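S.K.: So that we are looking at the same thing, I have put the structure below in structure tokens.
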Amino acid sequence: MLHDAARIHFGSDNYAGVHPEVLAAIADANGGHVPGYGDDPYTARLQDVMRDRFGPDALALPVFNGTGANVVALQAMLPRWGAVVAPATSHINTDENGAPERVGGIKILPVDAPDGRLDPQRLAGRRIDPAEVHSAHPLVASFSNTTELGTVHSPAQVAAIVAAARAEGMRVHCDGSRLANAAVAAGTGLGELAEGVDVLSLGATKNGALGVEAIVVRDPAAVDGVEQLAKINLQLASKRRFFSAQLLALFEGDLWERNARAANDAAARLGEALARIPGCELLAPVEANAVFARMPAGAADRVREAGWRFYDWPPSGEGAGAVRLMCAWDTPAEAVDGFAHAVAAAVEAGARR
Ligand SMILES: Cc1ncc(COP(=O)(O)O)c(C=O)c1O
């Protein structure tokens with residue numbers, strides 16, 4: 001092994017490894033030959049599971065990553081002249097290196113979202129004449145749950161987005177890279193928290209998978225050519241059984257929920273611990289598995305010198321001591337306590353200078 005297997009960091013929930021039940025499911029799917037590209041019993045079973053979770057018409061396509069899920073989903077939902085309204089802070093707008101635009105040819109219309117949530121009022125009045133040729137047509141509203149700022153859209157907030165989008169003739173996409181964390185935080189099932197959403201990018205990698213996300217189409221009328229677009233966008237795995245097996249391990253039973261709860265609980269503990277350290281402040285209430293906090297000048301660097309990894313927030317570092325701390329499915333209480341202890345020591349050392 002090339003790393004210290006006991007070391008836990010707070011950089012991202014994808015710093016974590018693979019849940020043993022997912023690894024076991026991959027091993028279990030191994031051996032023998034089955035057809036490639038999704039014509040296999042695991043991908044068939046996945047359809048049953050996703051129909052249970054997301055309704056009788058649901059269709060699930062395993063893809064390699066979240067950026068790919070978003071690009072394929074949005075491409076399948078939009079004509080060439082379409083556009084997607086999304087929070088300025090959204091992953092599709094800020095963190096995919098322009099993939100929706102460059103790869104998908106999708107125009108994003110960003111709207112202000114100080115807490116990361118999509119404000120339904122930002123959708124009002126967006127409908128334009130279908131014959132309009134000068135402007136891109138806003139035909140999809142996209143929101144993330146949880147958001148990139150760690151906040152959670154409640155079922156009522158999702159319902160309000162859906163209603164506002166419908167009133168303007170828009171379809172709804174949810175970037176559910178962390179839908180499991182949002183659902184545990186909201187105390188709902190996965191499907192319940194995406195009521196009225198037409199297409200989801202459903203996260204699994206951050207929730208304990210090796211590497212897979214699913215495009216979940218709830219309303220088949222909302223997409224055109226989604227399977228073909230997955231191939232065109234390099235998101236069709238030939239040995240798809242192993243991707244479907246990971247999703248089955250997480251979503252057939254309650255592993256998704258156990259993992260998300262563990263991550264959210266760790267973040268809650270971390271938030272409480274940091275809030276007790278003089279000079280540290282939480283920048284937002286901890287709603288799911290992210291903690292945004294500010295430390296006194298120099299403290300974050302001293303904590304890093306003590307061996308911990310995490311990111312400044314915003315990543316450009318202009319937030320003057322503001323950091324983002326992510327908890328994963330395997331973040332134990334001891335790591336949280338050890339980190340908080342390191343922060344307290346760093347703050348004290350700063351005060352003595
Ligand atoms: C909100 C959101 N969407 C999507 C993704 C998935 O991105 P990736 O392409 O790295 O799997 C992430 C990962 O950080 C994310 O935070």
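Here, each number is a calculation from the coordinates, and none is a lab measurement. Worth saying up front: this structure is predicted, and the values here are computed from it rather than measured. Here the Cβ positions follow ideal geometry from the backbone for every residue, glycine too, while neighbour counts run over all protein chains shown.
S.K.: When only C-alpha pairs under 8 Å and at least 6 residues apart count, what is the relative contact order of the range 114-185, in percent? Intermediate values should be presented prior to the final figure.
M.R.: Numbers: 90 pairs, mean separation 29.5, N = 72.
For the range 114-185, the relative contact order is 41 percent.
S.K.: Also: For the range 19-255, what relative contact order do you get, as a whole percent, if you take Cα pairs closer than 8 Å and at least 6 residues apart?
M.R.: 31 percent
S.K.: Separate question: What does the C-alpha gyration tensor say about the overall shape of the chain? Classify as rounded when a/c is under 1.5, otherwise prolate if a/b is larger than b/c, or oblate.
M.R.: Judged from the Cα gyration tensor, the chain comes out oblate (a/c at least 1.5, b/c at or above a/b).
S.K.: Between residue 1 and residue 30, what length comes free when the chain is fully extended (0.36 nm per residue of separation minus the Cα-Cα distance, one decimal in nm)?
M.R.: Net length gain for the segment: 8.1 nm.
S.K.: Starting with the highest mean, order 182-191, 129-138 by the number of other Cβ atoms within 10 Å, averaged over the residues of each peptide.
M.R.: 182-191, 129-138
S.K.: Let me ask something else. Give the lysines reachable from residue 107 as a straight Cα distance under 22 Å; neighbours fewer than 8 places away on the same chain don't count.
M.R.: Straight-distance partners of residue 107: 231.
S.K.: Hey, another quick one. With θ taken as phi - 60° and the coefficients 6.51, -1.76 and 1.60, list the Karplus ³J(HN,Hα) couplings across the range 179-187 in order, rounded to whole Hz; mark glycine and proline as x.
M.R.: 5, 4, 5, 5, 5, 5, 4, 7, x
S.K.: Looking only at the range 150-186, which residues have a backbone nitrogen under 16 Å from a spot 7 Å from the Cα of residue 132 in the C-beta direction?
M.R.: In the range 150-186, the label zone of residue 132 (backbone N under 16 Å from the point 7 Å along Cα→Cβ) covers 165-171.
S.K.: Extending each Cα 7 Å along its Cβ direction at residue 234 and residue 192, get the distance between those two points in nm, one decimal.
M.R.: The two pseudo-label positions are separated by 4.0 nm.
S.K.: Under the rule a/c < 1.5 gives rounded, and otherwise a/b versus b/c splits prolate from oblate, where does the range 1-97 land using the Cα gyration tensor? Before the final figure, lay out the partial values.
M.R.: Numbers: a/c = 2.26, a/b = 1.12, b/c = 2.02.
The shape class here is oblate.
S.K.: Right, here's the next one. Would you kindly derive the ³J(HN,Hα) couplings of the range 144-161 from the backbone phi angles with the Karplus curve 6.51 cos²θ - 1.76 cosθ + 1.60 (θ = phi - 60°), listing them in order in whole Hz, with x for Gly and Pro?
M.R.: Karplus values, whole Hz, x for Gly and Pro: 9, 9, 5, 7, 5, 9, x, 8, 10, 7, 6, x, 5, 5, 5, 4, 5, 5.
S.K.: Which of the three applies to the range 66-135, rounded, prolate or oblate, going by the alpha-carbon gyration tensor with a ≥ b ≥ c and a/c under 1.5 meaning rounded?
M.R.: Oblate, since a/c reaches 1.5 and b/c is not below a/b.
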